[in-house]
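*Asks:* First the structure, then my questions, so here it is.
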């Protein structure tokens, strides 16, 4: 059975100290596209809102999508999310980190090679525009499987804001299995 995550943004129902709801009482739908949206990850956008990334099965295999939500609970990017990677082979298990400029850097496990899982990354601007190579840049394509990417945030903002993508991709690592 496929699960619909109207990605209630991890039930991102913001509640203030006064117990008044800042967003809809039952959360804000982030994606209501057909089929399955799973495994959301979330990071602050630095302006009181959030950026959410997830794996999405609206096509023929899992792909990576993202959405930014304002502090008042309004989705700011393309309805049902911005396509971060829709390459063949399936992409899963995204992670997201702030880029320090209102956007994010998103990493994921990618099966586009057809033989191994590799790690790819994409930077998306505060306005929802992917900034690096279409469908992401390869971070690690070593022999064997690379899975469950994690982001090291040291020098991330400095490197990503300068536009030096080669240096940025080197700070993304694959966490060991286990």
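The values are calculated or read from the model by the stated rules, or taken from the named source; none is laboratory data. Not measured: the values here are computed from a predicted model. For neighbour counting, all protein chains shown are included, and Cβ atoms are generated from backbone atoms with ideal geometry for every residue, glycine included.
*Asks:* Can you name every residue in region 132-151 that is at positive phi, modelled with pLDDT of 85 or more and touching a strand residue (DSSP E or B) at 6+ places or on another chain (Cβ under 9 Å)?
*Replies:* Scanning region 132-151 gives 135, 136.
*Asks:* I've got another one for you. Taking the options 119, 84, name whichever one is modelled with pLDDT under 95, buried (at least 24 other Cβ atoms within 10 Å of the Cβ), touching a strand residue (DSSP E or B) at 6+ places or on another chain (Cβ under 8 Å) and part of a strand (DSSP E or B).
*Replies:* 119
*Asks:* Which members of region 122-138 meet the condition of being touching a residue at least 40 places away in the same chain (Cβ under 8 Å), surrounded by 14 or more Cβ atoms within 10 Å (Cβ to Cβ) and assigned to a loop (DSSP other than H, G, I, E, B)?
*Replies:* Of everything in region 122-138, those that are touching a residue at least 40 places away in the same chain (Cβ under 8 Å), surrounded by 14 or more Cβ atoms within 10 Å (Cβ to Cβ) and assigned to a loop (DSSP other than H, G, I, E, B) turn out to be 126, 128, 135, 136.
*Asks:* Among what's in region 34-55 and is touching a residue at least 40 places away in the same chain (Cβ under 8 Å) and not in a strand (DSSP E or B), pick the residue that is nearest to the chain's Cα centre (by Cα).
*Replies:* Out of the qualifying residues, it is 45.
*Asks:* Go through region 1-33 and report how many residues are surrounded by 12 or more Cβ atoms within 10 Å (Cβ to Cβ), assigned to a loop (DSSP other than H, G, I, E, B) and at pLDDT 50 or above.
*Replies:* Going through region 1-33 one residue at a time, the tally reaches 10.
*Asks:* Okay, moving on. Residue check: is residue 107 more than 22 Å from residue 27 (Cβ to Cβ), at pLDDT 95 or above and surrounded by 17 or more Cβ atoms within 10 Å (Cβ to Cβ)?
*Replies:* No; evaluated as a whole, the condition is false for this residue.
*Asks:* Name the residues in region 64-81 that are closer than 19 Å to residue 34 by Cβ and surrounded by 24 or more Cβ atoms within 10 Å (Cβ to Cβ), would you?
*Replies:* Answer for region 64-81, where residues must be closer than 19 Å to residue 34 by Cβ and surrounded by 24 or more Cβ atoms within 10 Å (Cβ to Cβ): 64, 65, 66, 67, 81.
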